[in-house]
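The values are calculated or read from the model by the stated rules, or taken from the named source; none is laboratory data. Computed from a predicted structure; not experimentally measured. Note: ideal-geometry Cβ built from the backbone for every residue, glycine included; neighbour counts use all protein chains shown. When the accessible area is computed, the model is the full protein with side chains, heavy atoms only, and any ligands, DNA or RNA have been set aside. Shrake-Rupley method; radii C 1.70, N 1.55, O 1.52, S 1.80 Å.
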Amino acid sequence: MTAGPGTGIGRRPMPVVLRRRMRRVRGMIAELGVGIGWRPEIAGFVAELPGLGFTEVIAESVHPDRPWPGLLELRDRGVAVVPHGVRLSLGGAEPVDPARVAHLAGCAEALGAPLVSEHIAFVRAGGLEAGHLLPVPRTREALDALTANIRRTTAELPVPLAVEPIAALFDWPDAEYDEADFLTELLDRTGVLLLLDVANVYANARNRGADPTALLDRLPLERIAYVHLAGGSEHDGFYHDTHTDPLPAGVLALTAELCARRRPPGLLLERDGRYPPAAELRAELDALAATAGLPAIT
């Protein structure tokens with residue numbers, strides 16, 4: 001019998017050892033608060049935020065033997081610095097590259113990170129680099145490949161791993177799971193945490209004509225390590241998660257819905273390019289804090 005979307009056929013109960021590991025992992029993730037992604041272009045702005053709870057840096061931009069001095073200063077100040085990978089290709093059919101995993105582990109150790117994160121996506125196949133995060137088919141075969149690669153990765157990491165579903169303009173055909181069942185089973189199988197990108201949930205729901213809160217209601221929100229938020233814009237009938245536009249009201253409203261259900265340990269604003277004046281960034285960060293019922297960080 002073939003499983004249809006949303007059936008969850010083939011889902012297995014989480015083994016006792018993974019349940020225990022999940023409890024230990026959640027205990028290691030403290031409240032992170034409100035943060036912003038660290039980029040060299042806004043390093044000075046980030047450093048001057050008095051209430052900054054944590055920051056995130058693209059792991060591939062870090063040299064573990066000589067990290068950016070600004071990141072070390074934040075680490076020494078007590079700000080949590082989270083390496084965020086974009087090139088592991090956890091969803092690829094091929095095993096993850098051990099050198100890339102070692103790099104991510106080295107970043108975590110150099111920055112004193114409480115955890116690291118990566119994407120539920122693939123970026124290469126057959127030796128070809130896509131240059132983009134590509135969506136994984138929601139099939140048993142893809143789930144098996146993801147599970148194997150995540151287990152290979154976590155076996156070499158000194159800290160917990162959180163995985164992030166991406167924004168996708170298309171779904172592969174012949175899905176055997178819907179998104180919530182796919183994510184939940186992946187977390188059950190591997191014991192990793194969830195990095196929930198609220199902007200991605202908003203973008204995917206808007207482009208598919210779906211209700212984003214329906215996904216929130218079916219996800220294991222207690223497993224969220226932190227969340228991403230970012231701006232986007234509409235082009236050619238599709239909403240694109242650009243990271244270069246202001247936060248839309250819809251993303252803030254969805255964040256409020258999430259926090260009403262279960263406030264996540266951390267909320268992080270992503271901004272990549274077209275940086276606005278500092279006052280605008282501070283206003284966005286304070287709006288995030290207010291939405292979650294947290295103190296302003298500016």
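Whether any residue in segment 122-140 is assigned to a helix (DSSP H, G or I) and within 19 Å of Leu186 (Cα to Cα) is what I want to check.
yes
Search segment 283-298 for residues that are more than 17 Å from Leu32 (Cβ to Cβ) and pair each with any residue that is open to solvent by 40 Å² or more (accessible area, probe 1.4 Å) and polar (S, T, N, Q) when their beta-carbon atoms are under 9 Å apart and the residues are at least 6 apart or on different chains.
As it stands, the answer is Ala283/Thr298, since those pairs meet every condition given.
Could you list all residues from segment 116-133 that are touching a residue at least 24 places away in the same chain (Cβ under 8 Å) and not polar (S, T, N, Q)?
Those that are touching a residue at least 24 places away in the same chain (Cβ under 8 Å) and not polar (S, T, N, Q): Val116, Glu118, His119, Ile120, Ala121, Phe122, Val123, Arg124, Ala125, Leu133.
Within segment 255-275, is even one residue surrounded by fewer than 19 Cβ atoms within 10 Å (Cβ to Cβ), touching a helix residue (DSSP H, G or I) at 6+ places or on another chain (Cβ under 7 Å) and in a strand (DSSP E or B)?
no
If I filter segment 48-65 for residues that are farther than 26 Å from Glu179 by Cα, assigned to a loop (DSSP other than H, G, I, E, B), open to solvent by 20 Å² or more (accessible area, probe 1.4 Å) and touching a helix residue (DSSP H, G or I) at 6+ places or on another chain (Cβ under 7 Å), do I get at least one hit?
yes
Which residues, counting only those in segment 144-166, are open to solvent by less than 10 Å² (accessible area, probe 1.4 Å) and among the aliphatic types (A, V, I, L, M)?
Result: Leu146, Ile150, Leu161, Ala162, Val163.
Six or more apart or on different chains, Cβ atoms under 8 Å: show the pairs whose first residue is in segment 84-100 and in contact (Cβ under 8 Å) with a residue 60 or more places away in the chain and part of a loop (DSSP other than H, G, I, E, B) and whose second is open to solvent by 70 Å² or more (accessible area, probe 1.4 Å) and charged (D, E, K, R).
Between residues of segment 84-100 that are in contact (Cβ under 8 Å) with a residue 60 or more places away in the chain and part of a loop (DSSP other than H, G, I, E, B) and residues that are open to solvent by 70 Å² or more (accessible area, probe 1.4 Å) and charged (D, E, K, R), the close pairs are Leu88/Arg100.
Inside segment 220-272, can you point out the residues that are more than 21 Å from His119 (Cα to Cα), among the acidic types (Asp, Glu) and in contact with a strand residue (DSSP E or B) (Cβ under 8 Å, 6 or more places away or on another chain)?
Selection gives Glu234, Asp245.
Considering each of Glu48, Glu73, Glu109, Glu31 in turn, give the residue that is in contact (Cβ under 8 Å) with a residue 40 or more places away in the chain, more than 15 Å from the chain's Cα centre (by Cα) and over 19 Å from Tyr226 (Cβ atoms).
Just one listed residue meets the conditions, Glu109.
Residues to consider are Glu109, Glu73, Glu118; find the one that is open to solvent by 60 Å² or more (accessible area, probe 1.4 Å), within 12 Å of Leu157 (Cβ to Cβ) and outside any loop (DSSP other than H, G, I, E, B).
Matching residue, one of Glu109, Glu73, Glu118: Glu109.
Just the residues that are open to solvent by less than 20 Å² (accessible area, probe 1.4 Å) and within 19 Å of Gly232 (Cβ to Cβ), please, taken from segment 167-210.
Ala168, Leu195, Leu196, Asp197, Val198, Ala199, Asn200, Val201, Ala203, Asn204, Ala205
With the requirement that a residue be outside any loop (DSSP other than H, G, I, E, B), in contact (Cβ under 8 Å) with a residue 40 or more places away in the chain and among the hydroxyl-bearing types (Ser, Thr, Tyr), what does segment 152-183 give you?
Thr153
Run Val201 past the list (1) in contact with a strand residue (DSSP E or B) (Cβ under 9 Å, 6 or more places away or on another chain); (2) without any contact (Cβ under 8 Å) to a residue 40 or more places away in the chain; (3) of a type in the set (A, V, I, L, M, F, W, C); (4) closer than 17 Å to Glu118 by Cα and report the number of the one that doesn't hold.
(2)
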